[in-house]
Amino acid sequence: MKRTIAGLGIALVLSLGVAAAPPSQDWGPDDAHIGSLVSLCLVIDCWKLLHYPVIKAVLLNNIVEPGETIILGGSSFGTSADNFAGGTIMLSNGAFMWVELSKAFWADGAVAAKVPKPFPTAFGDEPFPDQWATLRVIRADGTSSNAFPVFFKAEREIRALQYNEPAVKLTSCGDDGNYDSCNKIVDDGETPVFWQFGTGCFSTLCGVHENSWGAIGDDTGTDQYQITLKNGWVFEDIEMSTYKSSTNEIIQGPTPSLPIGGTSWSPQFSWTVTPNDRAVYTVSVFIKGPKGTSPQ
Amino acid sequence: MMQSKTAKVLTGGLAILAAIGVLSVTGSAGSTRQARSTIPGDGLTLAQLQWLPDTQVIESPDGRITVAELKAMRSAEARAAEAALWSAVDRTSRKLRALQNNLAQEQQQQLDESGRSIAVELERARRRDALIQKIRPEVAELYNRTLTATPAQRNELNRRAAELLRELRAVGVR
C-alpha cells in the first residue's frame with residue numbers, strides 16, 4: 001500500500017517498522033576518481049547531461065524532527081535560468097508514505113524545507129515511531145534525486161505509565177499482612193482491614209499492606225515489580241507518595257532508584273506494618289517517548 | 001514479635017466467625033446485634049467488623065476495645081487516608097504538568113537554536129549559489145572548449161577547472 005501526499009515540495013518517506021540501520025543511498029557521484037572538469041560539471045551541470053538532482057549531504061539537522069527545518073546540499077536542484085527552479089522534497093518510510101516538506105529556500109546547490117508539525121499519521125491514525133527514512137528532492141520538471149538516508153525522530157511526549165499497562169509487571173508481593181495488595185492484585189483469600197478508596201491504584205506502582213487491630217507482632221515484607229519500555233520510550237522521573245496510619249510504619253524504596261533515560265527497572269519496596277495500622281505507597285512513573293506510540 | 005500469617009488467620013478468623021455465629025441477629029445494622037462474647041482482634045477484616053454489633057468487645061494483647069470504638073478509630077483513619085490519597089493525586093498531576101511544560105520549553109528552545117543555525121546556513125547557501133551563478137558561464141565555456149582542445153589545451157582547461165572547483169569547495173559546495 002502506498003499513500004502519497006501530492007504536490008510539489010519536499011517530502012520524507014517513513015515506515016511503521018523501526019529500522020535498525022540506515023538505508024543505503026541508491027545513487028551518488030564519486031568525484032574522487034574523475035577529472036577536475038568532470039567534478040566541476042557534477043556541481044554545475046555544464047554539459048546538460050546530469051538531468052537529475054543529487055543530494056550529497058544534509059547540511060543542517062541530520063536528524064529530521066517535526067517542526068525542524070533541514071537544509072540539503074547537492075547539485076542540479078534546479079535554477080530559474082534552466083526554467084525548472086523549485087520542486088519537491090519528499091520524506092518517505094517503509095509504509096510508503098510520502099510527506100511533503102514546505103520549502104523555505106531553493107537554489108541549485110542547496111534547498112531548505114520545514115518538516116511539518118504536527119507530523120501526519122499513518123493508516124488508521126497510527127503515529128510514526130523513530131526510524132530511518134529517506135529524503136528525495138523532486139525537481140519542478142519531475143526529475144527525482146537519489147534517496148538520501150536520514151533519521152526521523154518523532155515528536156516527544158511525557159506521560160504517566162499506568163499500573164495495568166503491559167510494560168508493568170508484578171514480580172512478587174509480600175504477603176505477611178492481613179491484607180496485601182500490589183497493583184490491585186490481592187493476596188489469595190484476603191479482604192481489606194481498612195476502608196479503601198477509589199480504584200485502589202491511580203498510578204504505576206501501588207502497594208497496600210494492612211495489619212488488623214489486636215494482631216500479634218508486626219507484619220513485614222518486600223514487593224518487587226518489573227517495568228520494561230520499548231519503541232524509544234525511556235524513564236523520565238517518578239513521583240512517590242506514602243501513607244502510614246501511624247509513625248511506626250516503615251516503607252523503604254524504591255531500590256534501585258529510577259534509571260532516568262533507561263528502559264528497564266526492577267524496583268523493590270520493603271515494608272513493616274504494626275498492629276491496627278496500614279502502610280500504602282504509590283509511585284507514578286513518568287516516561288518520555290514518541291508521541292502517541294506504545295511503550296510496550 | 002511475629003506470629004505466622006496462617007496461625008493468625010486460624011486463631012483470629014475462626015474465633016471471629018464463631019463469635020458472629022452465636023449472635024442473635026435482629027436487624028441489618030451492626031448496632032442492633034447483641035454481643036455474646038469477646039473475640040480476638042487479630043485477623044478481623046473490615047467486612048467482619050461491619051457485621052459485629054457496636055457493643056461487641058474485641059480483645060488484643062494490649063487490651064480490649066468495643067466495635068463502636070474500633071469503627072470510630074477506622075473512620076478517623078479513613079479520613080486521613082483519603083486526604084493523603086487526594087494529596088498524592090494532586091502532587092502527581094502537578095509534577096506531570098511541570099514535566100510536560102519543561103519538555104515543551106526544551107523543544108521550543110531547540111527550535112529557536114536551530115532557527116539561528118538555519119539563518120547562518122541559509123546565508124552560506126545563498127553565497128554558494130551566487131558563486132555558482134557567477135562561474136556557471138565560464139564552466140560552460142570550459143566544457144565547450146574541451147570538445148575541440150588538444151591534450152595540452154585540455155590540461156590547461158582542467159587546471160582552470162580545478163581552481164574553480166577549489167573556490168566552490170572553499171564555500172562548502174559539495
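Starting from the Cα of A:Q226, step 7 Å along the direction of its Cβ; do the same at B:S37; then give the gap between the two resulting points in nm.
4.8 nm
Give the residues of the range A:263-296 whose amide nitrogen is closer than 18 Å to a point set 7 Å from the Cα of B:E106 in the direction of its Cβ.
The answer is A:263-264, A:285-293, A:295.
Please tell me which of these pairs span more than 19 angstrom C-alpha to C-alpha: A:K230/A:K291; A:K230/B:K95; A:K56/A:K117; A:K230/A:K288; A:K184/A:K291; A:K184/B:K71? Present the calculation step by step, with values, prior to reporting the outcome.
Numbers: A:K230/A:K291 13 Å; A:K230/B:K95 23 Å; A:K56/A:K117 26 Å; A:K230/A:K288 11 Å; A:K184/A:K291 28 Å; A:K184/B:K71 25 Å.
As for pairs spanning more than 19 Å Cα to Cα, those are A:K230/B:K95; A:K56/A:K117; A:K184/A:K291; A:K184/B:K71.
Between A:K169 and B:Q50, how many nm apart are label points set 7 Å from Cα along the C-beta direction?
3.6 nm
Would you mind checking the radius of gyration and Dmax of the range B:40-174 based on alpha-carbon positions, in Å?
So, for the range B:40-174, Rg and Dmax equal 42.3, 121 Å respectively.
Can you give the translational diffusion coefficient of the range A:160-290 in µm²/s, computed by Stokes-Einstein from the Kirkwood radius over Cα pairs at 4 °C and 1.567 mPa s?
The calculation lands on 87 µm²/s.
Could you work out Rg/(2.2 N^0.38 Å) for the range A:191-254, with Rg from alpha carbons only? Walk me through the intermediate numbers first.
Numbers: Rg = 15.2 Å, N = 64, 2.2 N^0.38 = 10.7 Å.
Relative to the 2.2 N^0.38 Å estimate, the range A:191-254 comes out at 1.42.
Say a paramagnetic label sat at a point 7 Å from the Cα of A:S246, along Cα to Cβ; which residues of the range B:48-64 have their backbone N under 14 Å from it?
Counting backbone N atoms under 14 Å from the label point, the list is B:60-64.
No lab work stands behind these numbers, since they all come straight from the coordinates. Everything quoted here is computed from the prediction, not taken from an experiment. Reconstructed Cβ throughout: ideal geometry from the backbone, glycine too, with neighbour counts over all protein chains shown.
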